[in-house]
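Participant: Sharing a structure here in structure tokens format.
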Amino acid sequence: MSVLNFYPGPSKVHPRVGEWMQDAFASGILGMNHRSEAFMQMLSQTLDAFRSALNVPEEYRIYFVSSATECWEIIAQSLVKQKSLHVYNGAFGEKWKEYTQRIHPLANGYAYDINEVPYVTESSDDYEVLCITHCETSNGTEIPSGAMQLLRKQFQGLIAVDATSSMAGVSLPWLMADVWFASVQKCFGLPPGLGVMVVSPQALAVAKELQDRRYYNSLLFIEENFRKLQTPYTPNSLGIYLLGRSLTERLNIEMLDVQMSTSADETYAYLTQLGAKLLVANDVVRSRTVIPFLTESVEQTKAIKRFLLQQNILIGNGYGAWKNTSLRIANFPAIEEHEKKQLQHWLTHYFNN
Ligand SMILES: *Cc1c(COP(=O)(O)O)cnc(C)c1O
């Protein structure tokens, strides 16, 4: 029996992935040339399913790439001339800044507290692109829509958002940013190896101005290929097929958002009841998809993980600054109600003994 997987990425895949993989194999699509009619049709269906399931606005473009990390690079290469501004509160946002600085030494950033929302100041207008992390997977914080709206009002340039661990789990305020990206091994419930990028007309206009055509993954090449239902390089066709199948059978994100929010509330509530201390004290910025709690010591961290593994349950280690003193529970859509109940049962057992 495979383990009950609450790891926040790679994470549990949707229970029907095996069946869909068989279908992909049987259909012959996996061996098709990526310039063929059959591939183009499959890509087109996946793009439509994505837009419809996730309510992506008509005017925003959708692209498939290899990973979220690749998106950090695409943004730096194709949308930043000299200076991006990275406002972060944890390890993923900081890593994004460091990657960008290798390409643009003038890229800059600052950290904000995990119990606050990101903010910009007047001097932020010196920067071309604001880079923020919608759900910081390392510490389980989420930027509320109200804060996204405020940033949109206050910042004049493009806004790029890493939504790797929240896209397809909760509904996103698409119009409040110009570039949103994720990879599929988190809330999409799919095997790793595919990144998704959602891009506004303003961002494409900037890309056209900058005319970056230096790289195989320059945004303009991606756009020109996707316009023709093609891709700049031979893509992960199995990943694109699975994405299309899974999104066709999914609840619309607005309804899923309600379920996920309720499920997160319940998890936070029982953790609190058990006497576990939550990592994020301010409930306004708590993530609904990655749920961290603090432990009392490194020994306790290990003991809880070990105890759960004995029950065949895997939860996530802490990450970055909270590596040894917190644990993380994924609250992703592929995880089923009875599995959440199992976890709750055994955590209750642990804390009450
Ligand atoms: C997982 C994660 C990434 C990295 O995703 P890859 O698919 O490995 O590139 C980046 N940002 C955040 C917020 C993540 O959670």
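Read-outs throughout are calculated quantities, based only on the coordinates presented, and are distinct from any laboratory measurement. Keep in mind that what you see is a predicted model, and the values were worked out from it rather than measured. Note that each Cβ is placed from the backbone with ideal geometry, even for glycine, and that neighbours are counted across all protein chains shown.
Participant: Calculate how many DSSP beta bridges within the chain are antiparallel, expressed in % of all such bridges and rounded to the nearest 5.
Facilitator: For the chain, the DSSP antiparallel bridge percentage is about 55.
Participant: Can you put W72, W96, W346 in order, fewest other beta carbons within 10 Å first?
Facilitator: Ranking W72, W96, W346 by Cβ neighbours within 10 Å, fewest first, gives W346, W72, W96.
Participant: Residue separation times 0.36 nm, minus the C-alpha to C-alpha distance between N352 and T248: what's the value?
Facilitator: Numbers: separation 104, 0.36 × 104 = 37.44 nm, distance 4.25 nm.
33.2 nm is the gain from fully extending N352 to T248.
Participant: Grab the DSSP H runs of the chain that are 4 residues or longer, score each as -39,500 (n - 2.57), total them, divide by all residues and round the 222 nm result to the nearest 500 deg cm²/dmol.
Facilitator: -13000 deg cm²/dmol
Participant: Further question on the same structure: Counting only C-alpha contacts under 8 Å and six or more residues apart, can you give the relative contact order of the chain as a whole percent?
Facilitator: 25 percent
Participant: Just how large is the dipole of segment 211-285 about the Cα centre, in debye to the nearest 20, putting +1 at every Lys and Arg Cβ and -1 at every Asp and Glu Cβ?
Facilitator: 460 debye
Participant: What list of ³J(HN,Hα) couplings, whole Hz, do you get for segment 12-20 from phi and the Karplus terms 6.51, -1.76, 1.60, once you set θ to phi - 60° and write x for glycine and proline?
Facilitator: After applying 6.51 cos²θ - 1.76 cosθ + 1.60, I find 4, 8, 3, x, 9, 4, x, 4, 5 Hz.
Participant: Here is a further query. Any aspartates and glutamates with Cα under 20 Å of the K83 Cα? List them, leaving off those in the same chain fewer than 8 positions away.
Facilitator: E70, E73, E94, E98, E122, D125, D126, E128, D162, D178, E209, D212
Participant: Would you work out if segment 196-313 is rounded, prolate or oblate? Take a ≥ b ≥ c from the square roots of the eigenvalues of the alpha-carbon gyration tensor; rounded if a/c is under 1.5, else prolate when a/b is larger than b/c, oblate otherwise. Please report the intermediate quantities before stating the final value.
Facilitator: Values: a/c = 2.31, a/b = 2.24, b/c = 1.03.
Since a/c reaches 1.5 and a/b is larger than b/c, the shape of segment 196-313 is classed as prolate.
Participant: Additional query: Which of L242, L308, L294, L175 has the fewest other C-beta atoms within 10 Å, and how do the rest follow up to the most?
Facilitator: Result, fewest neighbours first: L175, L294, L308, L242.
Participant: Something else about it: What residues qualify as long-range amide H neighbours of H86, i.e. H under 5 Å apart, gap of 5 or more or another chain, H built at 1.01 Å from N?
Facilitator: Those qualifying (amide H under 5 Å, at least 5 residues apart or on another chain) are N108, G109, Y110, C131.
Participant: I need the phi-derived Karplus couplings for segment 149-160: 6.51 cos²θ - 1.76 cosθ + 1.60, θ = phi - 60°, integer Hz, Gly and Pro marked x.
Facilitator: Per residue, the Karplus-derived 3J(HN,Hα) values read 4, 5, 4, 4, 5, 8, 9, 7, x, 6, 10, 10 Hz.
Participant: Something else about it: With the calculation restricted to Cα positions, what are the radius of gyration and Dmax of the chain in angstrom?
Facilitator: Spelled out, the Cα radius of gyration and Dmax of the chain are 20.3, 63 Å.
Participant: Can you pull the semi-axes for segment 1-64, root of five times each eigenvalue of the Cα gyration tensor, sorted largest first, whole Å?
Facilitator: Numbers: eigenvalues 132, 84, 18 Å².
Whole-Å semi-axes of the equivalent ellipsoid: 26, 21, 9.
Participant: First check a/c for segment 60-184, with a ≥ b ≥ c the square roots of the eigenvalues of its C-alpha gyration tensor; if it is under 1.5, answer rounded, and if not, answer prolate when a/b is larger than b/c or oblate otherwise.
Facilitator: Values: a/c = 1.27, a/b = 1.05, b/c = 1.20.
Rounded.
Participant: Using the scaling law 2.2 N^0.38 Å as the reference, what is the normalised Cα Rg of segment 249-340? Spell out each step's value before the answer.
Facilitator: Numbers: Rg = 13.8 Å, N = 92, 2.2 N^0.38 = 12.3 Å.
Dividing the Cα radius of gyration by 2.2 N^0.38 Å gives 1.13.
Participant: Along segment 30-45, what does the Karplus equation 6.51 cos²θ - 1.76 cosθ + 1.60 (θ = phi - 60°) give for ³J(HN,Hα), rounded to whole Hz, x for Gly and Pro?
Facilitator: Taking θ as phi minus 60°, the curve returns 5, x, 7, 4, 6, 9, 7, 4, 4, 5, 4, 5, 5, 4, 4, 5 Hz for segment 30-45.
Participant: Net charge near S171: determine it from the other residues with C-beta under 9 Å of the C-beta of S171, scoring Lys and Arg +1 and Asp and Glu -1.
Facilitator: -2
Participant: Suppose each label sits 7 Å from its Cα in the direction of the beta carbon; what would the Y119-N317 distance come out to in nanometres?
Facilitator: So the two model labels end up 3.5 nm from each other.
Participant: Can you sort V284, V206, V196 so the residue with the fewest Cβ neighbours within 10 Å comes first?
Facilitator: With the sparsest Cβ surroundings first, the list reads V284, V206, V196.
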